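The values are calculated or read from the model by the stated rules, or taken from the named source; none is laboratory data. All values derive from a computational prediction rather than experimental measurement. When we count neighbours, we look across all protein chains shown, and the Cβ atoms used for this are built from the backbone with ideal geometry, even at glycine.
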Amino acid sequence: MRLAVISVILACAALVAAPGALADGDPASDVLVSLPYFDPIDLSIPASTSAQLDAVLSASARAGFPIRVAMIASSFDLGTIPSLWEKPRTYAPYLQAELKDLYAGQILVVMPDGFGLAGPASGPHAVSRGELSVKALAPGSGARLADAALSAVPLLAAADGHPIPASKLTAAEHSHAAAVRSTGKSLSTTALLTLLLGTLLMVLSWRASVARRPLSLRRGAQA
């Protein structure tokens, strides 16, 4: 499985303030004020994966490693700063600077072309040297962004000296599996109802069509 190095010039990037001229127009900075991850509207993540990501990020915070994730699927997700598309290492410190007065942990940015990581310039949540050498599942398009985040967060937490307990990761996997089962049942029921409704509509449409046919055609069909 292809691996990508989360090589973030964090130690330097976190020390460099994000350009003050850039306005706060990125959706992720608004969402991450209160939520653990940013999931853009153009990114379709399965409910099971969302449940697992929620569980992993909560467990990470309880382990002493608060981190929030911004998954950016396209330049559209950057709002008024599309110029930072495909620049996760630049966007991460920008986003961290936007949130620093309301959130003291680290920020992980996941784009199709790679990762960006940023944290406070100093203090318990500053990016550690160990995190800079972490290797995680390479991002890709679509739901692979979430898979990459799920791969990276536990590795970053462990590298920073705050490993997520195995039991919590197992619980997250169970949440994922439960969501898959629940979604599967829901989809099966929905599919069945759709099939039945479609069949009924087809029968009614056919009967209405036959009723509207000229007698000659109707007789011909019966011959």
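Couple of notes before you dig in:
- Restricting A28, A55, A59 to those that are within 17 Å of F76 (Cβ to Cβ), modelled with pLDDT of 95 or more, out of contact with any His (no Cβ under 6 Å at 6 or more places or on another chain) and not polar (S, T, N, Q) reduces the list to A28.
- Scope the range 100-118; condition in contact (Cβ under 8 Å) with a residue 40 or more places away in the chain and over 26 Å from S141 (Cβ atoms); matching residues: L102, Y103, G105
- Within the range 115-169, restricting attention to residues that are over 22 Å from the mean Cα position of the chain (by Cα) and charged (D, E, K, R), the residue that is nearest to L57 (Cα to Cα) is D160.
- P139 being assigned to a loop (DSSP other than H, G, I, E, B) and closer than 15 Å to D39 by Cβ: yes
- Count of residues meeting criterion [surrounded by 14 or more Cβ atoms within 10 Å (Cβ to Cβ) and in contact (Cβ under 8 Å) with a residue 40 or more places away in the chain] in the range 26-38: 6
- Answer residue from the range 8-25, given it is assigned to a loop (DSSP other than H, G, I, E, B) and surrounded by 15 or more Cβ atoms within 10 Å (Cβ to Cβ) and is modelled with the lowest pLDDT among those: I9
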